[in-house]
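Structure first, commentary second.
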Amino acid sequence: MTDFISLPFYDLFHEKGHVPEIQEKLPPLLTDVRRSILEIGAGTGLITTSLADWTPAEIFALEPSTGMRAVLLSRLCARPELFDRVTVLPCDALSVALDEPVEAMVMINVMYALEPDYRKRLWPVLADRLEPGGLLVFTWRDGGAPSERPLKELASRQVGRHTYTVFSEILESDGPEGEACKARYLYQITQDGRLISEEEIVGHSYRPVWETLEGELVGAGFVQTEAPEGLLAWRLA
Ligand SMILES: C[S@@+](CC[C@H](N)C(=O)[O-])C[C@H]1O[C@@H](n2cnc3c(N)ncnc32)[C@H](O)[C@@H]1O
């Protein structure tokens, strides 16, 4: 599983990566949410505990990766008061089963991982699991697939005597009109310039252009509503 290569690096790089921006932009969209939130692709729970802090809602944190889920449950162990309000669902988004429809759904930095056919099948499933008028919020940036580029350092962090560094390279790209790209990620640990470990992941990611996404969501019964740059918000009609 490639997950286990990137997992030790996840919180190190993301806690100060996308999380501060989400913590600023997401709460105003959730002010009316009281009863229930489905978080799709909860990962290690970096957003999950914040959802529980921002709202009184019951949280369903869906995460298919065993490794990510293990860290998420560890995070919940540090917040035992949340045990009666957060349920961790060990399945992928298309397989989600809920006892009743939820009031809101949140999907942060997940869509890039969904193949186009999977994504198209997902919206009607989410519409079916959402209350009428319910809210769907997810991260998205316009511009299609990133262009091909050589290996470059993304970020580096010191942990004791070791330096953790992530590099990435775009190997193939459909370009700005398309959505798929093939990227290589290198996960490196060094000490004083000496290599301790180095592992790589090569995989595809997807950045649908606006017209594609709008067609899919409107087709599934969603109507767009206001959201800050970097997020899209939709209500079930
Ligand atoms: C970059 S992480 C984001 C995690 C978390 N939302 C955050 O913001 O820190 C992407 C997550 O999406 C999950 N994921 C990938 N494919 C998925 C699918 N088909 N259904 C649900 N989650 C999925 C991955 O396992 C991973 O935990």
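Residue by residue through region 7-32, note down the ones that are over 24 Å from GLY230 (Cα atoms) and within 11 Å of the ligand (Cβ to nearest atom). Break it down into steps so the answer makes sense when it comes.
Let us first name the residues in region 7-32 that are over 24 Å from GLY230 (Cα atoms), namely 7-8.
Matches in region 7-32: LEU7 only.
Yes/no per residue for (1) in the same structural domain as LEU62 (by TED's automatic domain parsing); (2) closer than 30 Å to MET105 by Cα:
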residue: GLU131; (1), (2): yes, yes
residue: SER156; (1), (2): no, no
residue: GLY160; (1), (2): no, no
residue: TYR164; (1), (2): no, no
residue: GLU172; (1), (2): no, no
residue: GLY178; (1), (2): no, yes
residue: TYR185; (1), (2): no, yes
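Right, VAL125: surrounded by 14 or more Cβ atoms within 10 Å (Cβ to Cβ), within 16 Å of the ligand (Cβ to nearest atom) and farther than 20 Å from GLN224 by Cβ or not?
Numbers: surrounded by 14 or more Cβ atoms within 10 Å (Cβ to Cβ): yes; within 16 Å of the ligand (Cβ to nearest atom): yes; farther than 20 Å from GLN224 by Cβ: no.
No; evaluated as a whole, the condition is false for this residue.
Looking only at region 175-198, count every residue that is surrounded by 15 or more Cβ atoms within 10 Å (Cβ to Cβ) and of a type outside the set (Gly, Ala, Ser) and tell me the total. If you could, list the steps in order and put the result at the bottom.
The initial filter retains those residues of region 175-198 that are surrounded by 15 or more Cβ atoms within 10 Å (Cβ to Cβ), namely 178-183, 185-190.
Imposing the further condition that a residue be of a type outside the set (Gly, Ala, Ser) reduces the set to 179, 181-182, 185-190.
The total comes to 9.
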- Among the candidates LEU135, LEU94, residue that is within 16 Å of the ligand (Cβ to nearest atom) and either crowded, with 20+ Cβ neighbours inside 10 Å or not in a strand (DSSP E or B) (or both): LEU94
- Message: Can you tell me which of (1) surrounded by 17 or more Cβ atoms within 10 Å (Cβ to Cβ); (2) among the charged types (D, E, K, R); (3) part of a strand (DSSP E or B) is the one ARG119 doesn't meet?
- Response: (3)
- Message: So ARG141 ticks every box in (1) closer than 19 Å to HIS18 by Cβ; (2) assigned to a loop (DSSP other than H, G, I, E, B); (3) modelled with pLDDT of 95 or more but one. Which box is left unticked?
- Response: (3)
- Check whether at least one residue in region 6-20 is within 23 Å of VAL166 (Cα to Cα), surrounded by fewer than 20 Cβ atoms within 10 Å (Cβ to Cβ) and touching a helix residue (DSSP H, G or I) at 6+ places or on another chain (Cβ under 6 Å), and report yes or no. yes
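Take the conditions surrounded by fewer than 20 Cβ atoms within 10 Å (Cβ to Cβ), within 17 Å of GLY134 (Cβ to Cβ) and assigned by TED's automatic domain parsing to the domain that holds TYR10 and apply them to VAL106. Does it pass?
Numbers: surrounded by fewer than 20 Cβ atoms within 10 Å (Cβ to Cβ): no; within 17 Å of GLY134 (Cβ to Cβ): yes; assigned by TED's automatic domain parsing to the domain that holds TYR10: yes.
For VAL106, the condition - surrounded by fewer than 20 Cβ atoms within 10 Å (Cβ to Cβ), within 17 Å of GLY134 (Cβ to Cβ) and assigned by TED's automatic domain parsing to the domain that holds TYR10 - is not met.
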- Mind telling me which of the residues LEU89, LEU98, LEU62, LEU51 ends up being in contact (Cβ under 8 Å) with a residue 24 or more places away in the chain, more than 22 Å from LEU122 (Cα to Cα) and in the same structural domain as GLY134 (by TED's automatic domain parsing)? LEU51
- Here are some conditions: (1) within 12 Å of the ligand (Cβ to nearest atom); (2) buried (at least 18 other Cβ atoms within 10 Å of the Cβ). ALA70 meets all but one. Which one does it not meet? (2)
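Return a yes/no flag: does region 33-44 have any residue that is closer than 29 Å to VAL159 by Cβ, assigned to a helix (DSSP H, G or I), within 10 Å of the ligand (Cβ to nearest atom) and not acidic (Asp, Glu). Write out each step before concluding.
Of region 33-44, the ones closer than 29 Å to VAL159 by Cβ are 39, 41-44.
If we keep only those that are assigned to a helix (DSSP H, G or I) as well, we get none.
No: region 33-44 contains no residue that is closer than 29 Å to VAL159 by Cβ, assigned to a helix (DSSP H, G or I), within 10 Å of the ligand (Cβ to nearest atom) and not acidic (Asp, Glu).
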- Message: Among (1) part of a strand (DSSP E or B); (2) away from the ligand (no atom under 16 Å from the Cβ), there is one condition VAL88 misses while meeting the rest; what is its number?
- Response: (2)
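If you take the residues of region 97-116 that are within 12 Å of the ligand (Cβ to nearest atom) and not in a helix (DSSP H, G or I), which of them is farthest from THR49 (Cα to Cα)?
Quick first cut of region 97-116, residues within 12 Å of the ligand (Cβ to nearest atom) only: 105-115.
Now drop any that are not not in a helix (DSSP H, G or I), which leaves 105-110, 114-115.
Working: MET105: 15, VAL106: 13, MET107: 14, ILE108: 14, ASN109: 16, VAL110: 17, LEU114: 24, GLU115: 28 Å.
Here the residue is GLU115.
The values are calculated or read from the model by the stated rules, or taken from the named source; none is laboratory data. Remember, it's a predicted structure, so these values are computed and weren't measured experimentally. Quick reminder, even Gly has a Cβ in these numbers, built from the backbone with ideal geometry, and neighbours come from all protein chains shown.
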